[in-house]
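Notes follow the structure.
The values are calculated or read from the model by the stated rules, or taken from the named source; none is laboratory data. None of these values were measured; they are calculated from a predicted model. As a convention, Cβ positions derive from the backbone with ideal geometry for all residues, glycine included, and neighbour counts pool all protein chains shown. Protein only, heavy atoms only, side chains kept; ligands, DNA and RNA dropped before computing areas. Shrake-Rupley method; radii C 1.70, N 1.55, O 1.52, S 1.80 Å.
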Amino acid sequence: MKDKIFYGDAETVACCQMNRVFGYNPRLGNKLIEAAGGVEEIFKMGRQKLSQILGSQPPAGLDAAGLEQSAKELENLATQGSYFLGITANAYPALLKECEDPPIGLYIRSDSPPEDIFRERPYIGVVGTRDISHYGIDWCRKITAALCTSQQMPSIVSGLALGTDIIAHRTALDSGCPTIAVMATGVDMVYPKMHVFDADRIAATPGSALVSDYPPGTSPIAGNFIRRNRIIAGLSSATILVESRVKGGGMSTAYMACSYNRDVFALPGKADDIRSGGCNKLIAEHKAELILTPEDLLGKLGLCTRRGHKGLRDMPLKLPEGLYPPEEKEALEALLRIIRHSRGVSKMELCKKTGMEVPQISGLLSILESEGLIFTDLLGNCSARNNFQ
């Protein structure tokens with residue numbers, strides 16, 4: 001990633017500096033580029049000419065000193081495996097460019113070049129609440145896994161946040177599907193910090209990337225997330241809302257997707273569940289289509305399932321070799337298979353389904369939980385974790 005096209009050519013440096021200056025007002029920045037006849041032309045104008053175009057005093061930074069600052073920043077980024085993609089580059093994502101307020105450029109941390117990240121494929125946003133329920137966890141995994149079975153393998157777009165976002169990213173990666181994490185910080189910083197491993201994994205996966213329009217060193221302040229959400233909506237041809245309160249980041253992303261004339265889908269929930277209030281509201285307002293089944297969703301998106309694809313729930317159990325006897329491993333596999341298909345199943349139900357006694361079931365459940373494959377709620381009911389949440 002040290003090719004100078006990413007950080008050394010004049011047009012990329014000019015776009016980077018324009019993004020720094022007009023990051024919070026990209027519409028004005030893009031209008032200025034259009035009026036000037038090119039991004040480099042802006043830095044050849046004097047302040048008087050810029051004032052005439054803008055109708056006001058131009059902001060600081062539209063000069064040679066600003067360009068030098070951005071050039072140094074991008075050279076430093078390249079040493080960290082990151083680069084900058086300006087809006088004038090051929091590889092800039094076409095869907096995002098169609099929006100009325102696209103960022104003037106994107107900082108990208110990835111082992112893949114932009115041509116592989118933003119290639120011709122479906123881009124599907126999967127968003128929702130951080131405080132996700134067991135119902136939401138199960139359906140987020142179902143939906144994302146189903147998307148990853150399609151012949152036209154999509155890229156799953158989300159925000160690297162707790163809850164819905166990280167489940168979507170992990171499910172995509174575990175399904176062999178690329179994913180894009182749009183960040184509310186600079187690409188040199190991971191928020192929340194507990195997702196550092198996930199961020200590294202995304203950056204190292206072919207076709208996947210960490211993306212931001214915030215300069216390096218930007219901290220995760222509250223206002224940054226709304227600006228981040230518009231990029232998720234803008235990158236995606238369709239946005240799926242898994243769970244959200246009536247007011248929340250997922251709702252803002254869904255409404256932005258509507259404003260960009262993109263498809264929006266929502267998972268319905270109980271009428272009195274506040275975490276489904278936003279989804280139910282969008283459906284009632286006819287701003288989102290109802291998700292009935294993962295297969296129904298694929299059909300509405302025009303995606304076809306690959307033949308012979310093995311679903312996540314049918315994937316073999318992964319346990320350390322030689323640690324458990326064959327008979328015990330077989331029993332663990334059978335038990336996990338049932339739990340994967342029956343979210344919130346009780347011990348007594350597991351006894352009925354397997355014919356095992358409570359002590360044996362309890363011992364096997366302890367192993368599955370210690371291996372991080374399942375979790376139990378306060379009532380002792382079991383759900384599959386499968387390393388996706």
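Before moving on, here are some points about what is shown:
- Entry comment: accessible area of the chain is 45 Å² per residue, from protein heavy atoms only and a probe of 1.4 Å.
- Length gained on full extension, residue 327 to residue 72, computed as 0.36 nm times the residue gap minus the Cα-Cα distance: 85.7 nm.
- Net charge over other residues, Cβ less than 9 angstrom from the Cβ of residue 278 (K, R count +1; D, E count -1): +3
- Modelled FRET efficiency - R0 35 Å, residue 305 with residue 272, Cβ distances, 0.05 increments: 0.50
- At q = 0.10, 0.13, 0.16, 0.21 Å⁻¹ the log10 of I(q)/I(0) for region 144-287 amounts to -0.33, -0.56, -0.85, -1.36, computed by Debye summation with a single uniform scatterer per C-alpha, solvent ignored.
- Distance histogram in 10 Å bins (all Cα pairs of the chain, percent per bin): 5, 22, 28, 22, 13, 6, 3, 1, 0
- For region 176-231 and region 69-125, distance of Cα centres in Å: 13
- Remark: region 25-176 projects, on average over all directions, an area of 11.3 nm² (convex hull of Cα atoms).
- GNM top mover of 239, 376, 12 - the chain, alpha-carbon springs below 10 Å: 376
- Angle between the chain longest axis and helix 134-147 axis [Cα atoms, degrees, rounded to 10]: 70
- Taken over the Cα atoms of region 337-382, the convex hull encloses 66 Å³ per residue.
- Two-site label geometry, residue 28 and residue 111: point separation in nm, points 7 Å out along Cα→Cβ: 4.2
- Its alpha carbons give region 61-101 an Rg and a Dmax of 12.9, 33 Å.
- Packing-based order for 185-194, 64-73, 251-260, using average beta carbon neighbours within 10 Å, highest first: 251-260, 185-194, 64-73
- Peptides ranked, highest mean first, by Cβ atoms within 10 Å: ranges 139-147, 205-213, 49-57: 139-147, 205-213, 49-57
- By the Cβ distance rule (another cysteine Cβ under 4.7 Å), the unpaired cysteines of the chain are 15, 16, 99, 140, 258, 279, 304, 351, 382.
- Rounded to the nearest 5, the antiparallel percentage of DSSP beta bridges internal to the chain is 40%.
- Annotation for residue 342 and residue 151: the two label points, set 7 Å from Cα along the Cα-Cβ direction, are 3.7 nm apart.
- Principal-axis tilt of helix 224-235 within the chain, Cα atoms, nearest 10 degrees: 80
- Which listed pairs, of 193/270; 247/281; 193/247, have C-alpha distances above 21 Å, in listed order: 193/270; 193/247
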